[in-house]
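Nothing in this text is a laboratory measurement; each read-out follows from the coordinates by a stated rule. Small disclaimer: the values here were computed from a predicted structure and weren't measured. Positions of Cβ are generated from backbone atoms using ideal geometry, with glycine treated the same way; all protein chains shown enter the neighbour counts.
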């Protein structure tokens, strides 16, 4: 009878192991590299490796210019010396490190719309969708957006 319980227990453990291995697929660090549409598809961000971490830069914006034809600039940046730079000239996402599973953590995200820098993490939902979470302090105190890979 004890042997029967062991066999059943081993079968349950084996089934759970197979279930978890197919549900939680580990990703490779470079799986987020490429071009991504932001949520409303009004911009494309290129994510790339740099100095052992992952960074992001705008590479296309639906409306890159102000009404006068001049490129949009980082006018709300708290550092006055950076207010003249164009929005497509710098890495607004920086230093994301891969955790070995499906999340890139401890990065920063600069939001030109409010001039603030937030902590961030990226989670790859699948090969064509990622979730970018920006937060202050703890990830629970933040906001997430879903981006789609540009094909």
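Brief remarks on what is shown
- Global geometry of region 27-149, whether rounded, prolate or oblate, following the gyration tensor of its Cα atoms and the 1.5 cut on a/c: prolate
- By the count of other C-beta atoms within 10 Å, a proxy for reagent exposure, 125, 151, 82 are ordered fewest to most as 151, 125, 82.
- Extension gain for residue 66 to residue 136 (0.36 nm times residue separation, less C-alpha to C-alpha distance): 22.2 nm.
- As a proxy for reagent exposure, ranking 70, 113 by other Cβ atoms within 10 Å from fewest up yields 113, 70.
- Full extension of the chain segment joining residue 59 with residue 75 gains 3.9 nm, where the gain is 0.36 nm per residue of separation less the Cα-Cα distance.
- Normalising the average separation of contacting C-alpha pairs (under 8 angstrom, six or more residues apart) by the number of residues puts the relative contact order of region 27-149 at 20 percent.
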